[in-house]
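The values are calculated or read from the model by the stated rules, or taken from the named source; none is laboratory data. In this text, all values refer to a predicted model and were calculated from it rather than measured experimentally. Cβ atoms come from the backbone with ideal geometry, glycine included; neighbour counts cover every protein chain shown.
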Amino acid sequence: MLPQFYLSAYAFDQSVWDLDASQALAGLQIDPKIHRYRDYYLESDIRRLWAQWFIEGVVDPHVLIEKYKSPLIIDVVHEVSNALESTFNIPKNIHWPDIRKRISEALLKRVEQISLMEKRKNFTKRDRQLLLTQAGGNPRCWICGDEFEKEAVELFEGNSAAIKMPKYVDIFRPKGLVERHLKIEIDHMFPLARGGEHDITNFRLCCGWCNIHKKDRTSLYDVDGSPIRLKLGSITKNTPIRTIPVYFWTVRAMGLLKRCEHEDCNATSLNSSLRIALIDSTGAATPSNLKVICKDHDDFNLSRLQLVSDVKHALSGR
C-alpha cells in the first residue's frame, strides 16, 4: 500500500487550490490496488479523455466546420501547425512533424464524425425485421442481456400491445419506472457522434433503459463523478444500500464485460440477464467498487428489488 498517495489525494482541504501540492500529487506513484483490477477501463477511459482535451484544445473541430463549411476542403495540417507553433516551444528531441501529422489525422477524423452525425438517418422497418431475425427466438438487450417481453417485441414490430409495468425494480438499475425502459430500441453500438456507421453491422437491439443512459457516451468520465446518494426512506431503513451507481457507469461496465465476473461462470449477455453489484457492500457505489454478476452469483439477491414507489422517493430531488 502507498499511504502517502491516499493521504494526499483524499485531502478535503485547501491543498486542492495549491499549485505545489497539485504538482506533488501528480508525481506520486498510484497504488495498483486502487482500481481493484479494473484499470483496463478506468485508466483507458481517462486517457481517451485526456487526448480529446488536448487535441480539441489545439483546434476546435466545430470551429473548423464553421470556418470551412465542408470537411473536403479543410486544411487541417495548416490549422494544427499554426496552433501548435503559436502555443508550444517545440522540443528539439521530439520529431514534431510526426506529432503534427498524427494530431491532424485525428482531428480530421473527428470533423468527419461530427459531419456524419448531422446526416443521421432513421431506422427502417427492414432494419427492425433483420435485427429480430438475427436475435433468434429470444431477443435480448446487447448491453444488459435482459430478454425482451413479447409485448415489447410486438410494439417493436409495429403492432399494438400493452407493456405491463413492474411493481418492483432493481434499485441498482431502476429499469421500469417508465414504459420506455421496457421497450426495444435500436442502438448504434459505436455512436454516430464518434464515427460509427449507420449500418446494420453497427445496429444492436437495446432496452430503453440502457439506450437512454448510454446515449453517445464512450467514457466513464462523461458523467458526474459521484455515485447517486439515496434519499432517506424505506430503502435506506430496510437495507444497507445508501448509494447506487451513476447510470452510465452501469451501462459501461455491463456493455464492456458482457459477462458475469464470478469465476467459472458461463453467464453472458447473450444468454442471461446481467446485474451490477458492489464488490464491497460496505463501500459506496463507485466505479472501482462495481462488479457485473448474474442472478446465481448475486449477493444482494432480493434486497435489490424495491417497490417502484419507494425507488421513486429515494431518487426524488435528483
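Being within 12 Å of F203 (Cβ to Cβ), in contact with a helix residue (DSSP H, G or I) (Cβ under 9 Å, 6 or more places away or on another chain), touching a residue at least 60 places away in the same chain (Cβ under 8 Å) and in a helix (DSSP H, G or I) is the filter here, so list the residues in the stretch 103-147 that pass it. The answer is D127, L130, L131, L132. Being touching a helix residue (DSSP H, G or I) at 6+ places or on another chain (Cβ under 9 Å) and more than 19 Å from T218 (Cα to Cα) narrows it down to one residue among I74, I55; which is it? Among I74, I55, only I74 is touching a helix residue (DSSP H, G or I) at 6+ places or on another chain (Cβ under 9 Å) and more than 19 Å from T218 (Cα to Cα). The residues of the stretch 282-312 that are part of a loop (DSSP other than H, G, I, E, B) and surrounded by 12 or more Cβ atoms within 10 Å (Cβ to Cβ), listed by number, are G283, A284, A285, T286, C294, D298, D299, F300. Evaluating T236 against the criteria (1) under 26 Å from W53 (Cα atoms); (2) part of a helix (DSSP H, G or I); (3) in contact with a helix residue (DSSP H, G or I) (Cβ under 8 Å, 6 or more places away or on another chain) leaves one unmet condition, (1). Taking L315, is it loosely packed, with under 15 Cβ neighbours inside 10 Å and out of contact with any helix residue (DSSP H, G or I) (no Cβ under 6 Å at 6 or more places or on another chain)? No: the conditions fail for L315.
Give the residue that is surrounded by the most Cβ atoms within 10 Å (Cβ to Cβ), with candidates limited to residues of the stretch 259-281 that are among the charged types (D, E, K, R) and in contact (Cβ under 8 Å) with a residue 24 or more places away in the chain. Show your work before the answer.
Filtering the stretch 259-281 for residues among the charged types (D, E, K, R) gives 259, 261, 263-264, 275, 280.
Add one more test, that the residue is in contact (Cβ under 8 Å) with a residue 24 or more places away in the chain, and what stays is 259, 261, 275.
Working: R259: 20, E261: 19, R275: 25.
So the residue we want is R275.
Within the stretch 166-184, the residues that satisfy the criterion of being assigned to a loop (DSSP other than H, G, I, E, B), in contact (Cβ under 8 Å) with a residue 60 or more places away in the chain and aliphatic (A, V, I, L, M) are I171, L177. Looking at L256, L220, can you tell me which residue is closer than 29 Å to L107 by Cα, within 12 Å of the chain's Cα centre (by Cα), surrounded by 18 or more Cβ atoms within 10 Å (Cβ to Cβ) and modelled with pLDDT under 95? Result: L220 is the single residue among L256, L220 that is closer than 29 Å to L107 by Cα, within 12 Å of the chain's Cα centre (by Cα), surrounded by 18 or more Cβ atoms within 10 Å (Cβ to Cβ) and modelled with pLDDT under 95.
Scanning the stretch 4-53 for residues that are farther than 21 Å from L256 by Cα, among the small types (G, A, S) and part of a helix (DSSP H, G or I) gives S8, A9, S15, A21, S22, A24, A26.
Listed here are the residues, each with its yes/no results for (1) at pLDDT 85 or above; (2) loosely packed, with under 12 Cβ neighbours inside 10 Å; (3) not acidic (D, E).
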position: D39; (1), (2), (3): no, no, no
position: L42; (1), (2), (3): yes, no, yes
position: L49; (1), (2), (3): yes, no, yes
position: S70; (1), (2), (3): no, yes, yes
position: V77; (1), (2), (3): no, no, yes
position: N82; (1), (2), (3): no, no, yes
position: S86; (1), (2), (3): no, yes, yes
position: V111; (1), (2), (3): no, no, yes
position: L116; (1), (2), (3): no, no, yes
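All told, I235 meets the bar of being farther than 21 Å from P139 by Cα and among the aliphatic types (A, V, I, L, M). Selection of the stretch 229-246 for residues being farther than 15 Å from D310 by Cβ and surrounded by 19 or more Cβ atoms within 10 Å (Cβ to Cβ) yields P245, V246.
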